[in-house]
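The block underneath contains the structure these notes are about, expressed in structure tokens.
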Amino acid sequence: MKRIVSIQDISCLGRCSLTVALPVISTMGVECAVIPTAVLSAHTMFPDFTCCDLTDQILPIARHWQQQKVALDAIYTGYLASKEQVQQVCTFFDMMKGPQTAIIVDPAMADHGRLYAGFPSDFPAYMARLLPYAHVAIPNITEACLMTGTPYREEYDAAYIRQLLLDLTRLGAGRAVLTGVCLEPGRLGAMSYDSDTGAYFFYDNEKLPHTFHGTGDIFAATVSGALTRGLSLEQAMTMAVDFTLECIRSTDTQEIWYGVEFEKALPWLWQRLEALLKQQG
């Protein structure tokens, strides 16, 4: 069985980060090892959350895994709580990546034009230090703008998105995927750029009139699992867009901070993955 390690926080309440990555990746038939970077009482959109920082555990875990000769097929990073954690994760990459280890970076730190609570204004420059390691980077538009120094726009065209993707690869990412891309009313999806081939790819689906916290984590976890199972980036993106939509459709509550009820859609994910793998033979 293939193995991913996901490096991000675990929020005890609210579906996001590791509480999303672990079940989604496991459903896709991939072992999901975890390195929690922090334990939060609830994610950062809740007021007055508590946080236990685990920065001092990242490298001891890496050293123990080295002793145990642990092999990783992929490393997938999400929310990192500090500049120090970014540096620790760079060291983790150097310690644990093998010749075939895929590195997938979701620079989860911002949305809707602004940083999450608690991050200093220079944090995006630190998060960008992960991009030279990334075979695939998966930011949303806000995160891409902050890392590349691009003015954030609520209204944009395809040329704006293509330039953002190109700039992300100039920062070092091999391939870049932008999430939350809306190029026509009522549609929402993702666009990618491959710096080796110069090819762009875009896929979208229905845009529902609901916005939930944690959908970016669902997308990134799905792409990470799909790539590890051998699907192409284009297949992985298509499945991730459709699965995220399926999760929103499965959600009854309007309490957006609690996230989508993705658990109901996990059978859909497994069936879709199995169908794609059968097509590949």
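Return the residues of the range 201-232 that are polar (S, T, N, Q), assigned to a loop (DSSP other than H, G, I, E, B) and modelled with pLDDT of 95 or more; say none if nothing qualifies.
If we filter the range 201-232 for residues that are polar (S, T, N, Q), which is where we start, we get 205, 211, 215, 222, 224, 228, 232.
With assigned to a loop (DSSP other than H, G, I, E, B) added as a condition, the list becomes 211, 232.
Hit for the range 201-232 is SER232, nothing else.
Under the condition of being among the small types (Gly, Ala, Ser) and closer than 17 Å to CYS16 by Cβ, which residue from the range 45-97 is modelled with the highest pLDDT?
Quick first cut of the range 45-97, residues among the small types (Gly, Ala, Ser) only: 62, 71, 74, 78, 81-82.
Within this subset, residues satisfying the condition of being closer than 17 Å to CYS16 by Cβ are 78, 81.
Working: GLY78: 96, ALA81: 88.
Applying the filter and picking the extreme gives GLY78.
Filter the range 236-256 down to the residues that are out of contact with any helix residue (DSSP H, G or I) (no Cβ under 6 Å at 6 or more places or on another chain), over 16 Å from CYS182 (Cα atoms) and assigned to a helix (DSSP H, G or I) and list them by number.
Those that are out of contact with any helix residue (DSSP H, G or I) (no Cβ under 6 Å at 6 or more places or on another chain), over 16 Å from CYS182 (Cα atoms) and assigned to a helix (DSSP H, G or I): ILE248, ARG249, ILE256.
Does the range 177-200 contain at least one residue that is of a type outside the set (Phe, Trp, Tyr) and in a helix (DSSP H, G or I)? Spell out how you get there, then give the answer.
Of the residues in the range 177-200, the ones of a type outside the set (Phe, Trp, Tyr) are 177-192, 194-199.
Remaining after also requiring in a helix (DSSP H, G or I): none.
No - not one qualifying residue is present in the range 177-200.
Can you tell me which of (1) at positive phi; (2) buried (at least 21 other Cβ atoms within 10 Å of the Cβ) is the one LYS69 doesn't meet?
(2) is the only condition that LYS69 fails.
Conditions tested, residue by residue: (1) under 20 Å from the mean Cα position of the chain (by Cα); (2) touching a residue at least 40 places away in the same chain (Cβ under 8 Å); (3) closer than 28 Å to TYR160 by Cβ.
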residue	(1), (2), (3)
ASP204	yes, no, yes
THR211	yes, yes, yes
VAL223	yes, yes, yes
ALA236	yes, no, yes
CYS247	yes, no, yes
THR253	no, no, no
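Do we find that TYR193 is at pLDDT 95 or above, over 18 Å from the mean Cα position of the chain (by Cα) and surrounded by 14 or more Cβ atoms within 10 Å (Cβ to Cβ) in this structure? Explain how you work it out, then say what you get.
Values: at pLDDT 95 or above: yes; over 18 Å from the mean Cα position of the chain (by Cα): no; surrounded by 14 or more Cβ atoms within 10 Å (Cβ to Cβ): yes.
Here the answer is no, as TYR193 does not meet what is asked.
Quick check on the range 208-222: of everything there that is aliphatic (A, V, I, L, M) and in contact with a strand residue (DSSP E or B) (Cβ under 9 Å, 6 or more places away or on another chain), which residue is surrounded by the most Cβ atoms within 10 Å (Cβ to Cβ)?
If we filter the range 208-222 for residues that are aliphatic (A, V, I, L, M), which is where we start, we get 208, 218, 220-221.
After this cut, where a residue has to be in contact with a strand residue (DSSP E or B) (Cβ under 9 Å, 6 or more places away or on another chain) as well, the list is 208, 220-221.
Numbers: LEU208: 13, ALA220: 31, ALA221: 33.
Of everything passing the filter in the range 208-222, ALA221 is surrounded by the most Cβ atoms within 10 Å (Cβ to Cβ).
Any residue in the range 149-170 that is touching a strand residue (DSSP E or B) at 6+ places or on another chain (Cβ under 6 Å), surrounded by fewer than 20 Cβ atoms within 10 Å (Cβ to Cβ), under 25 Å from PHE243 (Cα atoms) and of a type in the set (Val, Ile, Thr)?
Scanning the range 149-170 turns up no residue that is touching a strand residue (DSSP E or B) at 6+ places or on another chain (Cβ under 6 Å), surrounded by fewer than 20 Cβ atoms within 10 Å (Cβ to Cβ), under 25 Å from PHE243 (Cα atoms) and of a type in the set (Val, Ile, Thr).
Scan the range 76-126 for residues that are over 21 Å from LEU165 (Cβ atoms) and acidic (Asp, Glu) and jot them down.
Of everything in the range 76-126, those that are over 21 Å from LEU165 (Cβ atoms) and acidic (Asp, Glu) turn out to be GLU84, ASP94, ASP122.
Can you tell me which residues in the range 223-281 are of a type in the set (Gly, Ala, Ser) and crowded, with 20+ Cβ neighbours inside 10 Å?
Kept after step one, since they are of a type in the set (Gly, Ala, Ser), are these residues of the range 223-281: 224-226, 230, 232, 236, 240, 250, 259, 265, 275, 281.
Result: SER224, GLY225, ALA226, ALA236, ALA240, GLY259, ALA265.
With free of Cβ contacts under 8 Å to residues at least 40 places away in the same chain, more than 23 Å from GLY214 (Cα to Cα) and not hydrophobic (A, V, I, L, M, F, W, C) as the only criterion, which of ASP48, ASP56 stands out? Talk me through it step by step, then tell me what you get.
Numbers: ASP48 fails: more than 23 Å from GLY214 (Cα to Cα).
Only one candidate passes the filter, namely ASP56.
Condition first: surrounded by 17 or more Cβ atoms within 10 Å (Cβ to Cβ), more than 17 Å from ALA108 (Cα to Cα), of a type in the set (A, V, I, L, M, F, W, C) and out of contact with any Phe, Trp or Tyr (no Cβ under 6 Å at 6 or more places or on another chain). Can you find one or more residues in the range 172-187 that meet it?
no
The values are calculated or read from the model by the stated rules, or taken from the named source; none is laboratory data. All values reported here derive from a predicted model rather than from experimental measurement. As a convention, Cβ positions derive from the backbone with ideal geometry for all residues, glycine included, and neighbour counts pool all protein chains shown.
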